[in-house]
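The values are calculated or read from the model by the stated rules, or taken from the named source; none is laboratory data. For clarity, every value in this text was computed on a predicted model and none was experimentally measured. Because the Cβ atoms are built from the backbone with ideal geometry, glycine has one as well, and the counts that use them run over all protein chains shown.
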Amino acid sequence: MRSILYKKGISVFLFLSLFVAFVPVGTNARAALREPARGRHAMVASQQELASKIGVDIIKKGGNAVDAAIATGIALAVVYPEAGNLGGGGFMLIRKANGEVHAIDYREMAPKAAGRDLYIDKNGNLIKGEGSSTVGYHASGVPGTLAGFDLAFKKYGSGRITWRDLIEPARQYAINGYVLSNRVANLLRSYDKSLSKYEESKRIFLNGGHFYEEGDTFRQPDLARTLERIERNGAAEFYAGETARMIAADMKAHGGLITLDDLKNYQAKERTALKGNYRGYEVITMPPPSSGGIVMLETLNMLEGYDIRKMQSNSAAKYHVVAEALRRSFADRAEFMGDPDFTTVPVAKLIDKKYAEERRQSIDLKKASSSVKVGHGDIPSGESMDTTNFTVVDQQGTVVVNTYTLNDLYGSQVTVKGTGVLLNDEMDDFAARPGKPNMFGLIQGEKNSVQPGKRPLSSMTPTIVLRKDGSLWFALGARGGPRIISAVIESVINVIDHDMDIQAAIDAPRIHHQWLPDELLYEPVGFSPDTLNILSEYGHKFTERPGYVAQATGIMIDGKGVRLGAIDARGDGEAVGY
Ligand code: GLY
């Protein structure tokens with residue numbers, strides 16, 4: 001299938017740089033109108049080519065998509081340390097070739113010593129710098145990545161691949177190093193101020209303050225030793241072994257919160273995946289503690305009431321209704337969503353078509369609403385910066401979409417002494433001060449307040465879409481905080497309503513609206529002044545500067561069963577198939 005963009009021969013994108021979640025991620029130009037990567041048997045699409053290759057090699061060795069996803073995830077912790085991780089957490093959505101669906105939640109958990117007002121000073125203001133929810137030893141939730149991978153491996157791996165097979169390729173890159181690109185060398189340098197505050201991070205990631213240059217070989221011997229212990233002792237090494245003791249000791253030495261008990265008590269959980277549909281196509285996605293799935297399905301349900309195809313892909317009319325639907329779903333996110341183990345989330349109501357119909361009533365096709373007036377929906381009581389996504393499809397047709405994160409790039413900026421492991425700053429995905437914005441400007445309510453053992457609300461949106469005959473059509477996810485949700489929704493619409501292939505769908509220009517602040521974010525490339533003028537006439541207020549809306553990776557199965565892999569034009573990576 002050729003995209004509409006292809007058909008019209010519109011030369012659109014030369015994405016010169018990426019600003020996701022307020023961070024310049026360097027210059028990475030990708031040409032316009034790209035064909036997706038093709039593979040007759042299997043495909044891995046991740047944000048680092050070396051990691052994608054490792055995943056494909058696992059499949060060639062007899063592993064399935066789950067094995068490949070785990071190997072890719074472990075590799076990203078070494079070759080993509082800004083977001084790939086052992087010290088973070090995320091979500092893995094699996095659909096086996098036989099149609100079984102599994103949703104693994106390995107989101108970080110608040111340590112036992114954490115509480116509602118942890119990040120508020122005696123004057124009621126948010127604490128900044130060390131002690132805050134965004135940087136330093138207080139910012140980390142108990143990491144979930146290895147627990148999640150362990151669960152997935154034991155329950156859904158092929159059984160033909162060993163744990164060691166999954167870790168060893170990453171360990172080799174940690175020992176022998178890999179060559180730094182210009183983008184990554186620049187990115188590391190741009191984090192000088194924050195990483196320098198932590199001696200271990202400065203030593204490893206800033207070359208002791210001398211900085212790395214493009215073309216340098218980046219080696220991580222501490223991380224290699226950690227991986228060697230994990231290879232030998234399993235994931236338990238991270239939660240109860242020497243690595244756990246090193247994490248707890250470093251935390252204690254710096255007034256941090258995570259204890260050995262917190263690590264021992266961490267559990268990855270299986271959740272029931274959310275299933276909805278858009279124009280008759282089944283959409284499978286992540287339930288709470290990610291808000292991503294609910295917000296996506298609620299938004300798609302609202303959009304189903306419009307003839308989006310007729311509006312055409314780049315029109316002001318379409319961006320307007322998408323923004324208005326997002327405005328309403330994000331208002332509901334702020335009010336109703338949190339960790340389902342701690343609070344009741346009215347999931348069924350929020351993804352109900354009738355509810356969407358009610359929410360849609362207040363959308364004026366020619367006038368932007370006011371976010372303050374829109375507020376959240378009427379639901380009777382009783383009933384969550386930088387992240388990375390990868391998508392894998394194997395020969396049998398099992399698909400895995402995995403989104404995991406350290407939250408901000410390089411997480412809390414803290415590297416645990418002697419381990420090479422960067423820790424997350426996921427505590428900022430809680431409402432540090434309910435009713436006040438977090439680092440993404442997101443307002444959140446009491447349902448997402450900090451409580452010991454609770455998981456912060458996420459925006460990660462791993463998603464699988466089926467054809468009407470129930471077979472796998474495409475799967476995708478994204479990085480970029482709350483913008484993830486908009487990126488996934490707009491890509492789904494681009495395929496279903498605008499007949500785009502997965503590459504064109506992901507590359508097409510996007511907008512983002514998250515209710516508050518009451519601003520519409522549009523991308524620096526792909527929006528004509530005419531479109532923006534119409535949106536402005538409708539009453540939309542734009543963000544001060546345009547910015548990119550997340551980065552997605554996805555895979556589509558074409559009519560002949562060929563796996564088509566796509567990496568977002570806005571960032572790095574490679575889809576590798578065979
Ligand atoms: N840390 C970003 C998210 O989970 O949404």
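Residues checked against (1) surrounded by 24 or more Cβ atoms within 10 Å (Cβ to Cβ); (2) under 20 Å from D429 (Cα atoms); (3) in contact with a Lys or Arg (Cβ under 9 Å, 6 or more places away or on another chain); (4) of a type in the set (V, I, T):
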{"site": "G63", "(1), (2), (3), (4)": "yes, no, yes, no"}
{"site": "A69", "(1), (2), (3), (4)": "yes, no, no, no"}
{"site": "N85", "(1), (2), (3), (4)": "yes, yes, no, no"}
{"site": "G88", "(1), (2), (3), (4)": "yes, yes, no, no"}
{"site": "F91", "(1), (2), (3), (4)": "yes, yes, yes, no"}
{"site": "I94", "(1), (2), (3), (4)": "yes, no, no, yes"}
{"site": "E100", "(1), (2), (3), (4)": "no, no, no, no"}
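The set of residues from the range 530-563 being in a strand (DSSP E or B), surrounded by 22 or more Cβ atoms within 10 Å (Cβ to Cβ) and in contact with a Phe, Trp or Tyr (Cβ under 8 Å, 6 or more places away or on another chain) comprises T553, G554, I555, M556.
Of the residues N424, N448, N402, the single one that is more than 10 Å from the ligand (Cβ to nearest atom) and within 25 Å of A244 (Cβ to Cβ) is N402.
Output the residues belonging to the range 385-399 that are surrounded by 24 or more Cβ atoms within 10 Å (Cβ to Cβ), more than 16 Å from the ligand (Cβ to nearest atom) and of a type outside the set (S, T, N, Q). Within the range 385-399, V392, V393, D394, V399 qualify. Residues in the range 487-503 that are within 16 Å of the ligand (Cβ to nearest atom) and either part of a strand (DSSP E or B) or more than 19 Å from G280 (Cα to Cα) (or both): 1 in all.
Does K122 qualify as being touching a Ser or Thr at 6+ places or on another chain (Cβ under 7 Å), surrounded by fewer than 21 Cβ atoms within 10 Å (Cβ to Cβ) and of a type outside the set (S, T, N, Q)? No; evaluated as a whole, the condition is false for this residue.
Considering the range 348-360 alone, what residues qualify as being closer than 19 Å to W515 by Cα and assigned to a helix (DSSP H, G or I)?
Those that are closer than 19 Å to W515 by Cα and assigned to a helix (DSSP H, G or I): L350, Y355, A356, E357, E358, R359, R360.
Looking only at residues of the range 304-345 that are among the β-branched types (V, I, T) and not in a loop (DSSP other than H, G, I, E, B), we find that the one that is nearest to P289 (Cα to Cα) is V322. Return yes or no: is G136 away from the ligand (no atom under 16 Å from the Cβ) and modelled with pLDDT under 95? Against the criterion (away from the ligand (no atom under 16 Å from the Cβ) and modelled with pLDDT under 95), G136 does not qualify. Within the range 154-177, the only residue that satisfies the criterion of being over 17 Å from K60 (Cβ atoms), of a type in the set (V, I, T) and buried (at least 20 other Cβ atoms within 10 Å of the Cβ) is I167. Within the range 397-432, the set of residues being small (G, A, S) and modelled with pLDDT of 95 or more comprises G397, G411, S412, G418, G420. If the condition is being in a loop (DSSP other than H, G, I, E, B) and under 30 Å from H254 (Cα atoms), then the range 166-222 contributes G177, Y191, S196, K197, Y198, L206, H210, F211, Y212, R219, Q220.
Can you confirm whether V283 is in a helix (DSSP H, G or I), closer than 26 Å to A478 by Cβ and not basic (K, R)?
no
Every condition in (1) surrounded by fewer than 22 Cβ atoms within 10 Å (Cβ to Cβ); (2) charged (D, E, K, R); (3) touching a Gly at 6+ places or on another chain (Cβ under 7 Å); (4) under 30 Å from A170 (Cβ atoms) holds for E130 except the one numbered (4). Selection of the range 49-86 for residues being under 17 Å from E231 (Cβ atoms) and hydroxyl-bearing (S, T, Y) yields only T72. Can you tell me how many residues within the range 469-495 are acidic (D, E) and within 10 Å of the chain's Cα centre (by Cα)? Here the count works out to 0. Counting residues in the range 216-239 that are of a type outside the set (S, T, N, Q), within 30 Å of Q395 (Cα to Cα) and loosely packed, with under 15 Cβ neighbours inside 10 Å gives one or more. Residues that are surrounded by fewer than 24 Cβ atoms within 10 Å (Cβ to Cβ) and in a loop (DSSP other than H, G, I, E, B) within the range 45-61 comprise just one, K61.
The condition of being out of contact with any Leu (no Cβ under 7 Å at 6 or more places or on another chain), of a type in the set (V, I, T) and over 27 Å from S528 (Cβ atoms) holds for only one of V345, V399, that being V345.
For the range 468-486, taking the residues that are away from the ligand (no atom under 12 Å from the Cβ) and among the hydrophobic types (A, V, I, L, M, F, W, C), the one that is surrounded by the fewest Cβ atoms within 10 Å (Cβ to Cβ) is identified as W473.
Taking the conditions (1) more than 22 Å from E519 (Cα to Cα); (2) out of contact with any Asp or Glu (no Cβ under 8 Å at 6 or more places or on another chain); (3) buried (at least 24 other Cβ atoms within 10 Å of the Cβ) in turn, D429 satisfies each one other than (1). With respect to the conditions (1) within 16 Å of the ligand (Cβ to nearest atom); (2) part of a loop (DSSP other than H, G, I, E, B), G148 falls short on a single one, namely (2).
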